[in-house]
Amino acid sequence: MSRTDESTRVTTSDQARPPRRRRGPLRIALVVALSVLLLGTAGLGWIYLKLNGNINTFGADGLSKDRPAAATKGENVLVIGSDARTDGNSALGGGDKGDIGRSDTAFLLHVYADHRHAVAVSIPRDTLVTLPPCKLPDGKWTSTRPNTMFNEAYSVGQTAKGNPACTQNTVEKLTGLRVDHTVVVDFKGFAALTRVVGGVNVCLPQDVYEKDLNPNRATRGGLLFRKGEQKLSGQRALDYVRIRHGIGDGSDIGRIKRQQAFVASLVKKVKSDGLTPTGLLPLADAATKSLTVDPGLGTAKRLISFAMSLRNIDLHDTKFATIPWRYQGERVAIVQPDADQLWAALKADRTLDGTDAGGKKGGQTATAAASPGIATEVSGDGIDVAVYNGTTTRGLASRAATALTEHGFTVTGTANAVDRNRADTVIEYGAGLRTRAETVARLFPGAELNSVPGAGVDVVLGRSYAAKGGTSASPASTPTALPTSVARDARSADDDVCSNLSYG
């Protein structure tokens with residue numbers, strides 16, 4: 001994630017209508033995709049023929065031959081936002097015609113097997129990842145590209161239509177999860193959809209001006225949006241979700257949070273209006289005209305069949321989260337072991353609170369009972385660890401030392417920490433020892449990793465560990481739940497539209 005956006009040239013005056021940026025990211029693709037997934041209702045055969053003509057597909061020949069195994073629980077849908085330069089998108093801010101296809105947003109939507117829960121995980125555009133081999137237009141395959149920005153995957157091949165198969169390969173490489181379906185959404189479809197539903201409620205913490213949308217303006221410009229709650233559609237809705245500099249700390253992470261709130265508000269609007277045949281056709285028409293999908297979703301019948309399977313997902317159980325992240329210069333690095341814990345939780349169909357949503361007989365199980373955990377694969381062979389009790393709970397360090405020893409770690413000593421008022425557990429490590437620290441952290445879900453001067457790995461236990469009774473992750477005790485860092489920052493589709501709107 002860059003802390004600066006690409007510049008844009010403004011030719012209108014301060015008194016004129018707010019300018020349309022020729023370039024800029026669209027990260028709200030989930031708006032259209034989730035709405036399509038909510039189209040499920042009976043008696044839709046009469047619209048299949050009309051909608052089939054709207055849908056474009058991309059070839060499956062660009063997908064990796066080395067893919068993760070098919071999921072045994074739930075489904076994973078990758079949603080990509082494309083700022084396409086063709087077919088009318090340039091006029092809405094899609095950039096110069098004939099330019100290469102770009103993607104500045106992606107969400108991995110995990111639909112749990114019980115069809116009552118779903119979570120959409122955002123992957124920031126500037127996240128540093130490894131791009132696996134991808135197919136080029138001439139049939140050749142690229143080499144693996146480590147330490148590359150995530151959004152570059154979509155531009156591999158430098159074509160106007162982009163490379164969704166490469167982005168799917170990258171997500172599967174990153175998560176270890178098989179992507180069942182991929183959906184690409186463009187500017188035009190998003191703008192049309194917000195008009196069809198009659199506008200979407202948003203909330204701003206302060207007045208927003210033209211300069212906030214385009215920081216290269218010499219003056220503040222006209223008022224774009226007033227402070228508070230309001231309804232937006234079309235171009236104004238598009239401008240809102242692209243604003244970065246005028247709200248919060250101006251970061252891309254903050255913008256992602258607001259876009260997640262926008263998606264939640266749209267889903268809420270669609271569900272509250274009801275899916276009547278009269279209202280369904282224009283909604284489905286607007287959504288499908290903007291889609292490029294994998295062959296598995298290449299017909300209206302398949303799209304709507306999938307949508308019907310999701311109609312019972314409750315707003316409160318529709319969650320929006322972001323991959324565990326930290327700044328690395330002007331880019332974003334993935335935080336481990338939290339990210340691996342997140343993917344393991346989704347694979348095991350565990351919700352944010354650890355609930356098993358695997359669709360067992362009788363409905364969801366409202367429990368975070370034992371399940372095969374991440375710790376089953378942890379080996380501490382050859383890793384030395386010192387353990388410190390950062391709380392006033394007696395015997396905590398000894399209990400953690402026992403858990404570490406059971407997994408093959410060598411505990412070099414236990415003691416009380418200088419600070420006995422730690423809230424959370426921290427894994428501290430010296431130069432060159434991050435990999436070992438990450439292995440240790442897998443026994444302490446939610447622990448923070450800190451690089452410190454020194455030559456060892458230390459576990460400093462906090463009250464969060466004491467609250468669990470001093471138990472580390474183990475096959476018999478800890479569910480495969482999403483890490484604390486993800487659960488803490490997530491929002492539900494039924495959250496107040498004015499809550500938690502910006503980062504920083």
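The values are calculated or read from the model by the stated rules, or taken from the named source; none is laboratory data. Here the structure is a predicted model, which means the values were calculated and not measured. Heads up, the Cβs are rebuilt from the backbone with ideal geometry, glycines too, and the neighbour counts pull from every protein chain shown. Surface areas here come from the heavy atoms of the whole protein model, side chains and all, with no ligands, DNA or RNA. Shrake-Rupley method; radii C 1.70, N 1.55, O 1.52, S 1.80 Å.
Contact order, relative form, for the range 165-277: 25 percent (alpha carbon pairs under 8 Å, 6 or more residues apart, mean separation divided by residue count).
Heavy-atom accessible area, probed at 1.4 angstrom with all protein chains present, ranks Glu406, Glu172 as Glu406, Glu172, highest first. Figure legend: label point modelled 7 angstrom from the Cα of Arg311 along Cα→Cβ; residues of the range 115-156 with amide N under 16 Å from it are 115-116.
Given R₀ = 30 Å, what would the calculated FRET efficiency be for Asp249 paired with Arg420, taking r from the Cβ atoms and rounding to 0.05? Result of the calculation: an efficiency of 0.35. For Arg331, Arg102, the ranking by accessible surface with the largest value first comes to Arg331, Arg102, using a 1.4 Å probe. From the Kirkwood radius over Cα pairs of the range 240-347, Stokes-Einstein at 37 °C and 0.692 mPa s returns a whole-number translational diffusion coefficient of 191 µm²/s. The figure for Phe306 is an accessible area of roughly 20 square angstrom, using a 1.4 Å probe on the protein chains alone.
For Thr484, the accessible surface of its heavy atoms amounts to roughly 80 Å² (probe 1.4 Å, protein chains only, rounded to the nearest 10). Across the range 211-278, Cα-Cα pairs farther apart than 14 Å form 67% of the total. Straight Cα distances below 12 angstrom link Lys271 to the aspartates and glutamates Asp314, Asp494, with same-chain residues fewer than 8 positions distant left out. The Cα trace of the range 140-221 gives Rg and Dmax of 18.6, 51 Å, the first to one decimal, the second as a whole number. Here the Karplus relation 6.51 cos²θ - 1.76 cosθ + 1.60, evaluated at θ = phi - 60°, turns the backbone of the range 419-424 into coupling constants of 8, 9, 10, 6, 7, 10 Hz, with x for every Gly and Pro.
Among the listed pairs Lys289/Lys347; Lys50/Lys140; Lys188/Lys257; Lys50/Lys269; Lys140/Lys289, a Cα-Cα separation exceeding 28 Å is found for Lys289/Lys347; Lys50/Lys140; Lys140/Lys289. If you plug the beta carbon distance of Thr402 and Lys50 into 1/(1 + (r/R0)^6) with R0 = 60 Å, you get a FRET efficiency near 0.40.
Taken along the Cα-to-beta-carbon direction at a fixed 7 Å, the label points for Lys65 and Lys161 span 2.3 nm.
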